[in-house]
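Every number here is computed from the coordinates shown, using simple stated rules; none is lab data. Predicted model, so just to flag it, every value in this text is computed and none were measured. Note that each Cβ is placed from the backbone with ideal geometry, even for glycine, and that neighbours are counted across all protein chains shown.
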4 protein chains.
Amino acid sequence: MQLTIGGAGGAPPRRSLASDARRGQIITAAIEVLAEHGYAQSTFARIKRKAGISSTRLISYHFGTKDELMDAVLADAAGSMQAAIAERTRSEKTAAGMLDARIEAELEWIAGHLSAVRAMYEVCMNARSEDGTLRFGVEATAQANVGQLEPILRAGQRSGEFRAFDTVLMALTLKAAVDAAIARMTCPPRLSLAECVRELTTLARLATRRGPDADRDRR
Amino acid sequence: MQLTIGGAGGAPPRRSLASDARRGQIITAAIEVLAEHGYAQSTFARIKRKAGISSTRLISYHFGTKDELMDAVLADAAGSMQAAIAERTRSEKTAAGMLDARIEAELEWIAGHLSAVRAMYEVCMNARSEDGTLRFGVEATAQANVGQLEPILRAGQRSGEFRAFDTVLMALTLKAAVDAAIARMTCPPRLSLAECVRELTTLARLATRRGPDADRDRR
Amino acid sequence: MQLTIGGAGGAPPRRSLASDARRGQIITAAIEVLAEHGYAQSTFARIKRKAGISSTRLISYHFGTKDELMDAVLADAAGSMQAAIAERTRSEKTAAGMLDARIEAELEWIAGHLSAVRAMYEVCMNARSEDGTLRFGVEATAQANVGQLEPILRAGQRSGEFRAFDTVLMALTLKAAVDAAIARMTCPPRLSLAECVRELTTLARLATRRGPDADRDRR
Amino acid sequence: MQLTIGGAGGAPPRRSLASDARRGQIITAAIEVLAEHGYAQSTFARIKRKAGISSTRLISYHFGTKDELMDAVLADAAGSMQAAIAERTRSEKTAAGMLDARIEAELEWIAGHLSAVRAMYEVCMNARSEDGTLRFGVEATAQANVGQLEPILRAGQRSGEFRAFDTVLMALTLKAAVDAAIARMTCPPRLSLAECVRELTTLARLATRRGPDADRDRR
DNA sequence: CATGAATGAGCGTTCATTCAT
DNA sequence: CATGAATGAACGCTCATTCAT
């Protein structure tokens, strides 16, 4: 989700201690509202109420426009997720190891930040420019996701750890699988985080590793 | 929220020949608008324009409320997709065969109905009831998808074709993989439909089939 | 409430057996809706539902416009009330006797036709012409009410039964007192019909009769 | 129906000097429109025009919803009427004196505030909650009126000034008589305010006072 | 006698935003 | 740093009515 906006940027007031606290308070409220009510219903009025502030004016004061607030939400959530994942994959050397570590780290972060995940989702799928195009469109989102995973897959193919496959589609699939696991962990006939990690790492290995079964199927 | 009334004020007039044509015309326009502009921007005014009709009143005349229109869009699109898939999987006998046929049929339908897919997506992820809950929530959507796929996976496990895995998560993953392939087929470094089918059926086989490699990994 | 429209008149279809039944069915439904929901909310849609018919078109077919329907409601209710009262006062000869009989008859009819009373009320107080003036305005309503009562009062003054007072204001007051008794009979700390009759006839006697007390107060 | 929100979307901004002026301006306009056109036709658009403001948005900004505006109208009018009456009755000691003073004061206020009276009337008889029940129903209105008058009547009975009668019905009747006098003062064959006061106080005395005539009639 | 299709006008409400302090 | 006042545009929806059969 790598955004150029990153951590810095937004509205007129450029940094101060109290200002940062306010911004954080509003972002947190916005994330909860996004997760609960979806993008379209995430109005300034609702965010104001959730944040316990007195006027929507305070939001536009700190973030300027709604788009900028959403940018900030996205940057905040995506940044913290990437940081968590990066820390866990740093020590891995093999492509297979990095892949497993990524899956485990991402699942763990997701399980612990369901609202933030949902919020990122809502923003990416709904935020649009004036011309109607998605501001963080399918392409952008796909590329962001792929950007992290595909280099690992390519490295694995070069090193001979992985079989031949389309690395872009595989990256998309693995990302989608991790996202799908959210539903598996949260909806009624639940699976535990640990079980999901085991299932998905197994699946990833079977899907990517070079092996007799895989070899036979490819021509 | 008022119950549907009818006459002066709203309910769907009981089907007639001319009425069905109008409904179809409006549904088609709604699908296109949903795909282009997203749920929140799919206003009656935009749909009116796209359908080339003279008044938004005509929409509420035929569908009552916006929710009912969206229901009709969803029923229309989902129905035609399921019909297409059902026809293609009917002849298959083995679980593996049915799985492959499903993936191929679904990918083909998707590739030929991108707007409808996007529209279904927008409705499912955004349509909410008065109380704020998703009308076709993650659970409902997940269950619908899982409902089609999981019985096949379970049958395959019983028949010994498939290895042991969580059938629900696998169903979710395979569905997510198919959806992810949309991006692979449409965004710049494109893959053809045939290539996607081959990649995904291969992936599905590796992930589900009982085999030496899979056996070794499971304890 | 003497209306020129009376029992005859209305929309295009001029009398038939089935048509009259339909008209009656719709009028009855309209009265109930008026009593329950008030004039503004007495829409064709609601009346349609209450009458159990399939389309609002049926209403406009039989009555033309909403105003004409309301005229018919008023004529129906007012006519039946006047008829009931007239029958009871016919046998009285003295002004005092006619006054008491009127009060008793009107209170009885009201107690037995609360919905119709309420409906008449709603129509008279709310039905307006295009120019914004009340179609059965305060004047018209007042005159209708006064028209029945005032001649009796004047006769009583001429015959020496009644003291001197403004007959118009007295007529308005007595009518208002009877209407006020509705609340006394229907709201929680209820009074019975018989008690109301006794209280109001007593009050009317005291207010109208020539007597030592009254004489002393007038100069 | 949404709770009041505020900021972007509606709640009454907490009183300020300029704000109160605007509120007063809008309330005055609303009263005039209610008196002229009735409740159903008292739209924001009409009130805007009458108040000479540029947008209906200004109304919802200051009052939130239409119901809240109507509440404010009612509170404003009823408050000023009660204040006027209270001031005039304060000095009276006997029940009969208080009753006469009330009638005179109320008639005077009414004669000077016909629009406000009509507006209160329109709001009470027409404002309804979501469930269709009158927000200031017959019961509530009756009780409010009765609440002022009945204690006086009861006190008069205890002190022996008044005869025995149902105090609630008498209160309702006297209130209705005063309201009826509006028509007498405004419709063509007019009576002056002073004449109405004399007629009604006489009537009230005859109806309530203990006396030979009254005694004879009661058993 | 009854119905279906269509319609233009208007409703109250909500939206994010801007101009002032 | 924060707030109050104001605003134009758009929303979905409901209204009674009319033109066809």
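Below is a table of values for the structure above.
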item: Cβ neighbours within 10 Å from other chains - mean over A:26-38; result: 1
item: Calculated from backbone phi, Karplus (6.51, -1.76, 1.60) coupling profile of region B:66-79 in Hz, x at Gly/Pro; result: 5, 4, 5, 4, 5, 4, 5, 4, 5, 4, 4, 5, 4, x
item: Inter-copy separations for C:L17, label at 7 Å along Cα-Cβ, nm, ascending; result: 3.6, 8.0, 9.5
item: About the Cα centre, charge dipole magnitude for the protein assembly as shown (Lys/Arg +1, Asp/Glu -1 at Cβ), debye; result: 140
item: Exam field: A:A140 pseudo-label spacings to other copies (7 Å along Cα-Cβ), nanometres; result: 3.0, 5.0, 6.3
item: Residue of chain A whose Cβ sits closest to the axis mapping A onto C, with distance in whole Å; result: A:Q41, 14
item: Value of relative contact order over chain C, rounded to a whole percent, pairs C-alpha under 8 Å and six or more apart; result: 20
item: Residues whose placed amide H lies under 5 Å from that of D:R128, excluding near-sequence neighbours; result: D:R135
item: Cross-link reach list, lysines versus D:K50, counting only Cα pairs under 20 Å and skipping chain neighbours closer than eight places; result: D:K66
item: For region B:28-95, with +1 on Lys and Arg beta carbons and -1 on Asp and Glu, the positive-most of B:A83, B:I31, B:G52 along the dipole; result: B:G52
item: Helix A:95-112 axis, angle to chain A major axis (alpha carbon atoms, nearest 10°); result: 40
item: Compactness index (Cα Rg / 2.2 N^0.38 Å), the protein assembly as shown; result: 1.33
item: Lys, Arg +1 and Asp, Glu -1 on Cβ, resulting dipole of region B:56-184 about Cα centre, debye, nearest 20; result: 200
item: Shortest-first distances to equivalent copies, position A:R190, nm, label 7 Å out along Cβ; result: 4.5, 5.5, 7.9
item: Charge context of A:T43, other residues only, Cβ under 10 angstrom, K/R +1, D/E -1; result: +4
item: Karplus-derived 3J(HN,Hα), 6.51/-1.76/1.60, for each residue of region B:145-156, Hz, glycine and proline x; result: 5, 4, x, 7, 8, 4, x, 5, 5, 5, 4, x
item: Region A:91-181: trypsin sites (Lys or Arg not before Pro) in DSSP loop, at most 11 other beta carbons within 10 Å; result: A:K93
item: Within chain A: Cβ-based charge dipole about Cα centre, in debye rounded to nearest 20 (Lys, Arg +1; Asp, Glu -1); result: 200
item: Expected 222 nm ellipticity per residue - DSSP helices of 4 or more, -39500 (n - 2.57), all of chain D, to 500; result: -23500 deg cm²/dmol
